[in-house]
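Asker: Encoded as structure tokens, here's the structure I'll be asking about.
The values are calculated or read from the model by the stated rules, or taken from the named source; none is laboratory data. All values derive from a computational prediction rather than experimental measurement. Positions of Cβ are backbone-derived with ideal geometry, glycine not excepted, and every protein chain shown enters the neighbour counts.
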Amino acid sequence: MTQEHTAEHWLGRSVKRKEDDRFLQGKGNYVDDINLPGMLHMSILRSPVAHARIISIDTSAAEALPGVVAVVTGELLAQHNLAWMPTLSGDTQAVLATDKVRMQGQEVACVIAEDPYVAHDALELIEVDYDPLPVVVTPQQSLEPGAPVIRDDKEDKHDNRVYHWEAGDAEATARAFEQADRVVSFDTFYPRCHPAPMETCGCVADVNPVTGKATIYMTSQAPHVHRTVFALVAGLPEHNIQIISPDIGGGFGNKVPVYPGYVVATAASLLIGRPVKWIEDRTGNLISTGFARDFYMKGQLALDNDGKMLGLRVNMLSDQGYAYADAQPSKLRAGLFHIVTGSYDIPAAHVVTDGAYTNKAPGGVAYRCSFRVTEASFFIERLVQTAAYELGIDPVELRRRNFIKPEQFPYTSATGFVYDSGNYEQAMDKALEMLGYEDLKAEQARAREEGKLLGIGLASFTEVVGAGPSKDYDILGLKMFDSAELRVHPTGKAILKIGVQTQGQGHETTFAQIVANELGIPPQDILVQHGDTDNTPYGLGTYASRSTPTAGAATAMVSRKLREKARQLAAHLLEVAPEDLEWVGDRFQVRGAPDRQTTIQEAAFAAYTNHPQGMEAGLEGVTYYDPPNMTYPFGTYAVAVEVDRGTGQWKVRRVVAVDDCGVRINPMIVEGQIMGGLTEGFAMAAMELITFDELGNCIGSNFSDYLIPTSWETPKFELGETVTPSPHHPIGAKGVGESATVGSPAAFVNAVVDALAHAGVRELEMPIGPDKVWKALAEAGLAE
Ligand code: MCN
Ligand code: CUM
């Protein structure tokens, strides 16, 4: 008698995170944990002013301080052609200022010393004579005629415009607006915020004076890209640069760009011949590295009297800071803002986007977003709620009438994206059911009669993640694909090397699960390696929730390649034809004689000990995967809040989050991602703000000014799920790592606005502190 064999399932299983063994025991290995013999320490002098000509820099007193080894200035770097570096959008950014400083916090000089405290103390001894210039702090000021030209370092630049870009069909949109019964306008600002990862940026650069090899331990979300940038900037041969990104204490987009500190530390190590460590302090991180948002958006929605959406027009203006440093694909210069039609079947759309330089830190891509999807999603979800009020249709009903229907997929949006799959109504219905929407609406009506303010806000977001199809997506011309290399050892244990780089997302666990699912090797037998350019195949890094859609797909594909070789090996061992074998999850069985079988481990052993003549030994392979399309995760977030009429305080009562990211590899990790993202969405709605005074002083340069939520403020989250697999991903997964940060801010804001909407309130700008609510209450006659 033969027994039916069932292999263990590894997808959809909440395998505990392998990496947590070391994290929970305080045995993680962060950049600051790296200490090399003879290592020096670097500290950065930053500009106190936002815009000024540099008259002189006197470093003599600093150089004379015992323990100081060198002081590096822009002038010194200029001699090596290193004063400026390219950004990931093909612009330039100063490494150390030479002619001018263009933002507060800009890097002006670096001290290299035997001791980190000496390096820090020496900064105060550097004398810089600044001649102040007029400061530009908003993109509106920046584009005004006669505004000071910020990037006058570029010969051909005579204004502050970074780009002007249009997408969609202007004429078709104009026609839609002519035919519309109703036009609803909405105007909003998504303020600057900062990802503020737990670990700030830093590096240890070690250039070997004998071989010239540069080994750079670095907080990098994209080590291979950074190596290529280093090779191009410094003219170093690429095989002589090794970037190692060890454990990273959070990235959230902040560690995508190349920062001046990395470049100076590497140049200093090269010149001095000793390793140099640079670890950024918190203020340095908050005032100078990758900001997010700072986006002004206005637009109109054309509808008919039944609430059917006919056309969408959007104008957006982006504050890029003094350098254009997003990591934008060169074909989509407004980034993925083009997804602004969201989950709705809007036949015509036209998007006009402008970017402007200001005297502020560069940024843009960062903070758990895909290249401006966050802003687009926020805008359309806020606009839809406004339209619902103006038309007197329930926001749920208005969404329902306009969702792209399941049978419309693959769906081509008015701005040209092909959505792979979706079922928006199902996700919304699930969220409404979990929330108890109808009961809550009834309670809201009763509460209003009693003079209490209860608000219900929804967001039915759609994201576009997983860049990319290389035909459309690149960074600095590097086509976007990703990779996985898998080696199965003779004993059936394996090592997987991937081109992406975890910052806390749990790849060491989930990627092992993908291999386990394809080959039946249990995850604990698979070591996942990443973040070391000498030891992993080329990849574009982890951001934009691209790891699962790209390197995750590559991992499945390379596993399948190895499975085919294992089939040949099993056929040889069992003396049957390969076609006679059936794969049952972790072994091959002979069709019709299932007792005759070869496990994956036996096949692996044979690959080194008993492979047929003529077959190459070993069981290993590499796959570079270029996805045919992006993946389109989606969901509905529903928030209920209570607003206090006496103080303007608002309190979250419920947060229901229904996410659809297709097949979930590890539900526990996915839920962790969503809860983290919801916390950030709540934070943006309620408290996180980087702003500037008229002199360009950054307000939000420390954690008493820049508020991030603790577990005390963070509401409780109730999670739900629907499953709409991606049709083109090998295991049907879509990215999820940033969905909740993208989708939820609009739900929180919609809820607070909704509490006041019956009195005509339509907009409250983030972050919504009690002061803003109080003012709106007073103006609406609701204050108590
Ligand atoms: N996953 C899964 N099933 C799916 C989709 C994803 O099990 N259907 C798992 C993945 O295998 C992975 C995690 O969820 O372990 C996130 O996967 P994915 O959506 O592919 O996103 P990335 O791994 O590319 O992570 C990037 C994303 C981004 S852009 C930011 S920003 C962010 C985020 O992840 N930064 C983070 N989550 C973070 N989490 C932590 N702890 N730290 C950060 O810096
Ligand atoms: Cu834009 S934050 Mo994440 O994509 O690293």
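Asker: Looking only at the stretch 575-611, how many residues end up being under 18 Å from G492 (Cα atoms) and assigned to a helix (DSSP H, G or I)?
Answerer: 10
Asker: Here are S245, S220, S269: which of them is under 15 Å from V204 (Cβ atoms), in contact with a Pro (Cβ under 8 Å, 6 or more places away or on another chain) and within 16 Å of ligand 2 (Cβ to nearest atom)?
Answerer: Result of the check over S245, S220, S269: S245.
Asker: Would you check if E280 is among the charged types (D, E, K, R) and under 26 Å from the mean Cα position of the chain (by Cα)?
Answerer: yes
Asker: Hey, does the stretch 612-630 have a residue that's closer than 22 Å to F378 by Cα, within 20 Å of the chain's Cα centre (by Cα) and part of a strand (DSSP E or B)?
Answerer: No.
Asker: Which residue out of A683, A638 is within 17 Å of A292 (Cα to Cα) and either modelled with pLDDT of 95 or more or among the aliphatic types (A, V, I, L, M) (or both)?
Answerer: Among A683, A638, only A683 is within 17 Å of A292 (Cα to Cα) and either modelled with pLDDT of 95 or more or among the aliphatic types (A, V, I, L, M) (or both).
Asker: Scan the stretch 220-240 residue by residue and report those that are part of a loop (DSSP other than H, G, I, E, B), over 17 Å from T87 (Cβ atoms) and out of contact with any strand residue (DSSP E or B) (no Cβ under 7 Å at 6 or more places or on another chain).
Answerer: Correct list: G235, P237.
Asker: Does E721 satisfy the criteria of being among the acidic types (D, E) and more than 14 Å from ligand 1 (Cβ to nearest atom)?
Answerer: Spelling it out, it is not the case that E721 is among the acidic types (D, E) and more than 14 Å from ligand 1 (Cβ to nearest atom).
Asker: Would you tally the residues in the stretch 146-205 being closer than 25 Å to G335 by Cα, within 16 Å of ligand 1 (Cβ to nearest atom) and in a strand (DSSP E or B)?
Answerer: Residues flagged as closer than 25 Å to G335 by Cα, within 16 Å of ligand 1 (Cβ to nearest atom) and in a strand (DSSP E or B) within the stretch 146-205 amount to 1.
Asker: List every residue pair whose Cβ atoms lie under 6 Å apart, where the two residues are 6 or more positions apart in sequence or sit on different chains, the first residue falls within the stretch 651-666 and is touching a residue at least 60 places away in the same chain (Cβ under 8 Å) and at negative phi, and the second residue, located anywhere, is within 16 Å of ligand 2 (Cβ to nearest atom) and of a type in the set (G, A, S).
Answerer: D659/S739
Asker: Here's another thing I want to ask about it. Taking the condition of being over 23 Å from the mean Cα position of the chain (by Cα) and assigned to a loop (DSSP other than H, G, I, E, B), how many residues in the stretch 694-708 meet it?
Answerer: 6
Asker: Moving on to the next point. Could you say which residue among A740, A759, A783, A751 is in a helix (DSSP H, G or I) and away from ligand 2 (no atom under 16 Å from the Cβ)?
Answerer: Answer to the selection: A751.
Asker: Applying the selection to the stretch 434-485, what residues are within 16 Å of ligand 1 (Cβ to nearest atom), among the small types (G, A, S) and assigned to a loop (DSSP other than H, G, I, E, B)?
Answerer: G466, A467, G468
Asker: Another one. Of the residues G696, G700, G735, G648, which single one is closer than 30 Å to F511 by Cβ and either within 16 Å of ligand 2 (Cβ to nearest atom) or modelled with pLDDT of 95 or more (or both)?
Answerer: Checking each option against the conditions leaves just G735.
Asker: Out of all the residues in the stretch 241-269, which are more than 21 Å from the chain's Cα centre (by Cα) and surrounded by fewer than 20 Cβ atoms within 10 Å (Cβ to Cβ)?
Answerer: Once the filter is applied, which keeps residues that are more than 21 Å from the chain's Cα centre (by Cα) and surrounded by fewer than 20 Cβ atoms within 10 Å (Cβ to Cβ), the stretch 241-269 yields only Q242.
Asker: Just checking, does the stretch 295-307 include any residue being closer than 22 Å to N160 by Cβ, aliphatic (A, V, I, L, M), surrounded by 24 or more Cβ atoms within 10 Å (Cβ to Cβ) and within 21 Å of the chain's Cα centre (by Cα)?
Answerer: Yes - at least one qualifying residue is present in the stretch 295-307.
Asker: Still on this structure: Sort out which residues of the stretch 179-208 are polar (S, T, N, Q) and farther than 28 Å from F378 by Cβ, and write them in order of number.
Answerer: Matches in the stretch 179-208: N208 only.
Asker: Out of the residues in the stretch 16-50 that are closer than 20 Å to G531 by Cα and touching a Gly at 6+ places or on another chain (Cβ under 6 Å), state the one that is surrounded by the fewest Cβ atoms within 10 Å (Cβ to Cβ).
Answerer: Applying the filter and picking the extreme gives R22.
Asker: Which residue is farthest from the chain's Cα centre (by Cα), if the candidates are limited to the stretch 531-572 and must be closer than 29 Å to A607 by Cα and charged (D, E, K, R)?
Answerer: It comes out as R567.
Asker: Considering only the stretch 674-685, I want to know if a residue exists there that is surrounded by fewer than 16 Cβ atoms within 10 Å (Cβ to Cβ), of a type in the set (A, V, I, L, M) and away from ligand 1 (no atom under 16 Å from the Cβ).
Answerer: There is no residue in the stretch 674-685 that is surrounded by fewer than 16 Cβ atoms within 10 Å (Cβ to Cβ), of a type in the set (A, V, I, L, M) and away from ligand 1 (no atom under 16 Å from the Cβ).
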